[in-house]
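No value in this document is a laboratory result; all are computed from the given coordinates. Quantities reported herein were computed from a predicted structural model and do not represent experimental measurements. Don't worry about glycine lacking a Cβ; one is built from the backbone with ideal geometry, like all the others, and counts go over all protein chains shown.
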Amino acid sequence: MRYLSGRALLFDMDGTLIDSNEASEAIWQRWAMAHQVPIERIRAVHHGRRPEETITIVAPHLDAIAEAGALYREQEDFTRGIYPIMGARDFYDSVPRRQRAIVTAATRRILELRLGLVGLQPPEVCVTAEMLKAGKPDPEGYLQAARQLGYEPRDCIVFEDAPAGLIAAHRAGMQSVAVLTNYTEAALRHELDAEALPAAFRANLVGLSFQDGMLMLP
């Protein structure tokens, strides 16, 4: 059994609590074809990032804000290809409400839609795309969540699946756990500097528990 000490758990959503790869792939495929951007370039960078930041990287000649707006609106009505990560419901529901938050590159409407599809209730603290000046890997979202919960960054443990989110957690001064939904452990180790590596790697959230300030990782 592995233990991490922390007073609050901060969750990314897509790739961490929810497997939305099927939906995301369909939406980005259509966008890539319409704008003649190789989908491989998008796949390499979009996990964990807001659409506007992905578009700035892969198609800097486009109006990223306008394009992202269209992508957000499409996702707000897209209900196919949304599934829970194994173990997510039991683990998430077991964490006290004032000790958990979600920090996501999705909008509030997308968050509510997708959590509803997999049977999860939004936490009291949700930091969504429209609340941020800068998305991951900037630490703003995680720092904002910690402030709203009333905890110091050092007391927070972040659950993430992508390099951008793990870097954001490190820059926020928080511990992290990687969920291996979109990247292998080897790929994350290759992508991240040593200081940004998570404290643990998990295939899913099965069997995890959190009690009295202690995260237990079987």
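Some points to look at:
- Test: residue in the range 26-36 that is buried (at least 18 other Cβ atoms within 10 Å of the Cβ) and among the polar types (S, T, N, Q): no
- From the options Gln75, Gln99, Gln121, residue that is polar (S, T, N, Q), closer than 20 Å to Leu149 by Cβ and touching a residue at least 40 places away in the same chain (Cβ under 8 Å): Gln99
- Condition met for Arg154 (of a type in the set (Lys, Arg) and closer than 26 Å to Glu185 by Cβ): yes
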